[in-house]
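Just below is one structure, and these are the notes that go with it.
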Amino acid sequence: MSIWAGAETRLLVQGITGREGSFHTRQMLEYGTVVVAGVTPGKGGQRFEGQVPVFNTVADAVRETGANAAVIYVPPMAAAAAVIEAADAGVPLVVCITEGIPVMHMSRAMPFVRSRGVRLIGPNCPGLITPGTRTKIGIIPGNICSPGRVGMVSRSGTLTYEVVNHLTRNGIGQSTCVGIGGDPIIGTNFIDCLNAFQDDPLTDAIVLIGEIGGTDEQQAAAFVRERVTKPVVGFIAGQTAPKGRRMGHAGAIISGSSGTAEEKMAAFEAAGIGVMKRPVDVVELLRKKGVNPGEG
Amino acid sequence: MNLHEYQARALLKAAGVPMLDGDVASTPTEAEAIARRIGGTVVIKAQVHAGGRGKAGGVKLARNPAEAMDEASQILGMTIKGLTVHKVLVVPAAEIATESYLGLIMDRETQRPVFMVSSAGGVDIEEVAARTPEKIVRLPVDPTYGLFPHQALTLAFVLFRDFTQVKAAARIMEQLYSVFGGNGASLAEINPLVTTPDGRVVALDAKIVIDDNELFWRPDLGVLRDDSAEEPSEAAARRANLSFIKLDGNVGCVVNGAGLAMATMDLVKYYGGEPANFLDIGGSSSPEKVINALKIITADPHVRAILFNIFGGITRTDDVANGIVAATRQFKVNVPIVIRLTGTNEAEAIRILNGVGMTALSDMDQAVERVVKLARGAA
């Protein structure tokens, strides 16, 4: 079944008529994703591309179409409110692509999201993709992915593509790839993903792509040591990043002496995670852990 | 975005936090006038975004207006960690009975604003946190409700015994929280919060960092940005909507995506080179962004070779190729450029580059190895 995105996914798109929303909805449809509804307040009653019905509210869309997942492409200032609206409408999986949401907005949204038992992925993330069922929620390019049994979780976008590309070209397919986002406050962290991959019968091995800032990777490493029996390989971006500077992602900042790449790589090694020095090393390390092309 | 101390003071003062008198000066004469108005001994403090101002000679005592003028003329124009001092803050030299620390940060782990208070104030709180973490009391605040009065009181009791001082400090906690929440700060601290010999509780120094994501809808905060306090190339990049950080190496990097940009820098190092910068051109790249990126990177005289590393997803690689071609037509790039691109519209991008005699690689390692070699050869 892979994780969170699969054959059962009935997706609704918040901000479907916007510039980003319309572009990526077309891409998701082309890939094969079941997109059942769009939401843009004031444009209810229209049809996107002549096929996807557009609603004024998420609640309307869910009631009319049975949507069970939402992806958000609305501008930063309205994005946290869009997350709350989806959670309030009872959508169990909400994926927020939007970059640039004020952290205070997310801090206020999170207690509500949790109170509704919603799985939020992101914000500021590329979303997730399950190649086996051709289900894409977000913006990960479908053409670089291939069906297989390696689960992938990452804080980054294009760096994820780089690593996935190495896997695919070397015949190692993926069960699900999840981009959890580069913001300081995100709905789903590494541990949530590791836990899901560990329990997923269709995943045999896990690739974890982290970066500088915070301590999520260290906690992920501790979780791997205690709970994960499947092979894990990992990468940390930002080994050459200076201290105290925000490296693009709002969360990618070394504060004081904490959050450095060295510290995180050491935590990986101590947990038995194969540490990639370069993105290309993913193939070799997975092979060492017994993942072979074709089987992958 | 970091605020200067005088700007942070203004926000706190507007919220009612008791502070000593004081004002900001851009010239020695202004500093003298402020010192005269305040009377007595004053402290002249350089307003730059750098730690260790005191050690660098940027904080001085002046016993009278003439000395204030003299010290201000020394400090104004001096360079601290590469940043020129354009303003000084003039405040009375306080008599201090006790010093404590009061801070609020947006905490990743609890996903909430977290108060940190410590009776070990005046010093670097990170050092206190590292050496004696038990001396810092932490309290997460649920932003849905804000800081409850009993929470403010609890924190104040950590710092003081005297109930008048406890009440005063609790009030300051509430005021600090309102400044933090009301301005979308990621950090707001008062260090030190002092008591004077006559028992008053006063904020002596303040630091506020605003979440950059707030600035889009808060132009009133945006105007507080001091361009002269930034590396000029970084200010130029910000105006061009590029995420850029200058480093000390000689391999210029233009990458799409922050994670890939960091990984590219790391790979440059792996192959024996030194990155000259971090640069993320972002997702939706226009040719214009590429032109601006090249302008900023080529302005750095240390750059010996430039690497483009583009993994097309949302980013169209043909947009990037068009930008490279347009830039090299607009101005002469005197260092070699290595281009790696793969993904969306790759074939079209390669056709565009080949049309002007340029080539592109599709493998990241190959491209990095080549650019490092070129940078070394040219050095």
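A Cβ distance below 6 Å, combined with a sequence gap of six or more or placement on separate chains, defines the contacts here; from segment B:65-77, residues that are in a helix (DSSP H, G or I) reach residues that are surrounded by 19 or more Cβ atoms within 10 Å (Cβ to Cβ) and acidic (D, E) in the pairs B:P65/B:E32; B:A68/B:E32; B:M69/B:E32. Residues in segment A:106-116 that are within 21 Å of A:G138 (Cα to Cα) and more than 7 Å from every other protein chain (Cβ to nearest Cβ): A:M106, A:A109, A:V113.
If we only count helices (runs of 4 or more DSSP H) wholly inside segment B:114-186, which ones have 2 or more residues that are within 30 Å of B:G222 (Cβ to Cβ)?
On the way: elements: B:125-131, B:149-159, B:163-182.
So the answer is B:125-131, B:163-182.
Applying the set (1) in contact with a strand residue (DSSP E or B) (Cβ under 9 Å, 6 or more places away or on another chain); (2) away from every other protein chain (no Cβ under 12 Å) to B:F148 leaves exactly one unmet item: (1).
Looking at segment B:145-153, is at least one residue surrounded by 13 or more Cβ atoms within 10 Å (Cβ to Cβ), at pLDDT 95 or above and over 23 Å from A:M104 (Cβ atoms)? Yes, segment B:145-153 contains a residue that is surrounded by 13 or more Cβ atoms within 10 Å (Cβ to Cβ), at pLDDT 95 or above and over 23 Å from A:M104 (Cβ atoms). Of the residues that sit in segment B:336-379 and are more than 18 Å from B:V320 (Cβ to Cβ) and among the aliphatic types (A, V, I, L, M), which one is farthest from the other protein chains (Cβ to nearest Cβ)? Filtering first and then ranking leaves B:A378. Only one of the numbered conditions (1) assigned to a loop (DSSP other than H, G, I, E, B); (2) surrounded by 23 or more Cβ atoms within 10 Å (Cβ to Cβ) is not met by B:H86, and that is (2).
Per the listing A:T215, A:T240, A:T203, A:T176, the residue uniquely among the polar types (S, T, N, Q), buried (at least 20 other Cβ atoms within 10 Å of the Cβ) and within 14 Å of another protein chain (Cβ to nearest Cβ) is A:T240. Pairing residues of segment B:267-296 that are under 21 Å from B:A375 (Cα atoms) and at pLDDT 95 or above with residues that are of a type in the set (D, E, K, R) and part of a strand (DSSP E or B), at Cβ distances under 8 Å and at least 6 apart in sequence or on separate chains, gives B:A276/B:K246; B:N277/B:K246. The set of residues in segment A:73-98 being surrounded by fewer than 21 Cβ atoms within 10 Å (Cβ to Cβ), more than 8 Å from every other protein chain (Cβ to nearest Cβ) and in contact with a His (Cβ under 9 Å, 6 or more places away or on another chain) consists of A:A81 alone. Taken over segment A:252-285, the criterion of being within 7 Å of another protein chain (Cβ to nearest Cβ), touching a Gly at 6+ places or on another chain (Cβ under 9 Å) and buried (at least 16 other Cβ atoms within 10 Å of the Cβ) is satisfied by A:A252 alone. Taking the criterion of being surrounded by fewer than 24 Cβ atoms within 10 Å (Cβ to Cβ), farther than 23 Å from A:D200 by Cα and touching a strand residue (DSSP E or B) at 6+ places or on another chain (Cβ under 8 Å), the only residue of segment A:111-138 that qualifies is A:V113. Figure legend. Inter-residue proximity from segment B:311-324: first residues within 12 Å of chain A (Cβ to nearest Cβ), second residues among the hydrophobic types (A, V, I, L, M, F, W, C) and in a strand (DSSP E or B), beta-carbon distance below 6 Å, spacing 6+ or different chains. Indicated pairs: B:T317/B:I310; B:T317/B:L341.
The values are calculated or read from the model by the stated rules, or taken from the named source; none is laboratory data. Nothing here was measured: the structure is a model prediction, and the numbers come from that model. Every residue, glycine among them, receives a Cβ derived from its backbone with ideal geometry; neighbour counts consider all protein chains shown.
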